1. So if I take the alpha carbon set of segment 530-644, get Rg, then get Rh from the Kirkwood formula, what is the Rg over Rh ratio?
2. Where in segment 571-585 does the label zone of Ile531 land, with the point 7 angstrom along Cα→C-beta and an amide N cut-off under 19 Å?
3. Subtracting the Cα-Cα distance from 0.36 nm times the residue separation, let me have the gained length for Glu298 to Lys10 in nm, one decimal.
4. Principal axis extents for segment 140-209, Cα atoms only, whole Å, descending order, please.
5. State the answer as a single residue: which of Gly192, Tyr320, Leu366 lies farthest towards the positive end of the charge dipole of the chain, with beta carbon charges of +1 for Lys and Arg and -1 for Asp and Glu, about the Cα centre.
6. Among the listed pairs Lys210/Lys299; Lys549/Lys594; Lys3/Lys204, give every one whose C-alpha distance is greater than 24 Å.
7. Take the alpha carbon gyration tensor of segment 222-367, find the square roots of its eigenvalues, order them as a ≥ b ≥ c, and report rounded if a/c is under 1.5; if not, report prolate when a/b exceeds b/c, else oblate.
8. As a footprinting exposure proxy, order Ser583, Ser599 by other Cβ within 10 Å, with the fewest listed first.
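Read-outs throughout are calculated quantities, based only on the coordinates presented, and are distinct from any laboratory measurement. What you are looking at is a predicted structure, and each value in this text was computed from that prediction instead of being measured. As a convention, Cβ positions derive from the backbone with ideal geometry for all residues, glycine included, and neighbour counts pool all protein chains shown.
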Amino acid sequence: MEKLELLPLKDIRLDDPFWNKYTRLVTKEIIPYQWETLNDRVPDAEPSHCISNFQVAAGLKEGTFEGAVFQDTDVAKWLEAVAYSLSYEPDAALEQTADEVIELIGKAQQPDGYINTHFTILAPEHRWANLREGHELYTAGHLLEAAVAYYKVTGKDRFLNIMRRFADLICDVFHQEKYSRAVPGHQEVEIGLIKLAEVTGDRKYMDMAKDFIDRRGCEPNYLVTEHENPLWINIFKDVKPFLPAYSQCHKPVREQDTAEGHSVRATYMYCAMADLAAAYDDRELLDACKRLWDNIVEKRMYITGGIGSSGAYERFTTDYDLPNDCNYSESCASIGLALFSRRMAQITRDGKYIDTMERALYNTVLAGIAMDGKSFFYVNPLEVWPDNCLEHTSMEHVKPVRQKWFGVACCPPNIARTLASLGEYVYFRKDDCLWVNLYLSGETVLQTEDGSATVTQKTRFPFEGKTELHISSGTGHPVRLALRVPAYAEGFTVTEGGAEIPVNIRDGYAYLTGTFTDTTLTVTFAMPARIVYANPNVRADAGKAAIVKGPLVYCLEEADNGNRLAGIYLDTARPLEEAYTDSLLGGTCIIKAKGKKLSEKGWDGHTLYAAKPPVLEDTDLTFIPYCYWDNRGGGEMSVWVKYLT
């Protein structure tokens, strides 16, 4: 099956009023800040130990391993973010720092190619003895992704060769008889191996990824019986029995039809499944991807694109179980969902997958980072009352303010690499045709065998549904266009010189007839703020409504609406008012509404219950984009609001 291609990041320059608030922080704030955290130089932040661990493993300093078993992945994702940033903002000093880190990784590499500071320092004799918990292959996957990204941007092959040696070792080890059924406990290496195969042309890496996917969930189940190995060591000290569904090994992947278990593991596996389905023309595998994606989006996803509703085990639970105040919705999980959705769109050319990718990026992923780039959410609730986010309770995983860092810090560098690679989400290409997925201001160059063309977008999306597209082909090479028609778009039109031009709308894309060499097109659609409701089976949202505008989900914050947000009722019979303000949150569109609020009148501080009806008072409501919450100090927040009709 033919898969649409991503454009090289070097050919994309984004300059977007909405996204600049974050993308311009990547090189100025996010990468430098995270470098400091990786070196344990940020006061009052959880220590990372990352660089120290590699120095110890390389024999450059005395000490021991500290942190989580997968701590190496933080520096891997940081290097990946650095690579992407260098594609559009060259920085010799930053590149030199990255080269030094790569040399450090090379020095920590063992003679046979193995890289993992935890096992190298603490338990070299227990390599590969606990794939369920050891995360060796997960860590390898992130290092592989970083190495491929660095090679593609800089052309330097030092990191790629280091990781190719490690990948060769993995291929050798996991084709030995005793590992012939082995699979990673936490999926990710499959993605790294696939990317390595694509950049080197060596099919054995792709085959290894396929083997890991094909083995998963088959009997006898390797992860279920692995603890019987005499060399097995208990890393997580979890007294509860292992649940195969937690690691998506409860069934062979082609038989799975519901999203189960740890949501990050799941989406990373689904990404690999989609890639392999395209590479091997495996329709059965693609059908499984479609079923799993449908189950997530139709029954197990938050309106914000968050997934993984349970704070216990960071996992999917059951259909329609979407609590708002205690959910997990890990930032990494939404990144995984965006990556999975992007791959499905590349394969199927169906814009519905981009709708979900966009939802995750504009809401949960952005909510995961503060507007100064220096604090982060790991967990992304849809309702917060700070007073009950207490340690040693069922709510301790919910943080009412972003954190400087985490002991398990997978999310901050994952957000960094996502923002740094945002251009890869905006466009697809095939030959002389450019698919426009996201409406973002900026410029891209479409390179073909016959020439090149420059396509420029100018827009105020997501606050306005109007985009100017200028196509300029200095070589006279014509360009074909496919423009995404979002599911929320009303009255989608394309005009040239004021005259509407015909389009063929199919599966969420408008295919323009003819080709273009030098012209300006105007894409227009309405996307007014709307009140939406949840499926009646979502118990947590019964009797409640939410407000959306285009891809943006909105929320109430205490800063605008006072406390006790749970006592607010939205009047759905009154119109919503949109107002753009430059002075708030770097410039944003707020939504004004009318409603009622429970009054405290007649209640004293000594009465908890009384036989008297509640009193509702008129109130004006202000909603802001969910992604911006907690950027003005702490306080309550709520996406879903009770309503009156």
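1. 0.99
2. Output list for this probe position: 571-579.
3. 100.1 nm
4. Projected onto its principal axes, the Cα set of segment 140-209 covers 39, 21, 17 Å.
5. So the residue we want is Tyr320.
6. Correct reply: Lys210/Lys299.
7. In terms of gyration-tensor shape, oblate.
8. Ser583, Ser599
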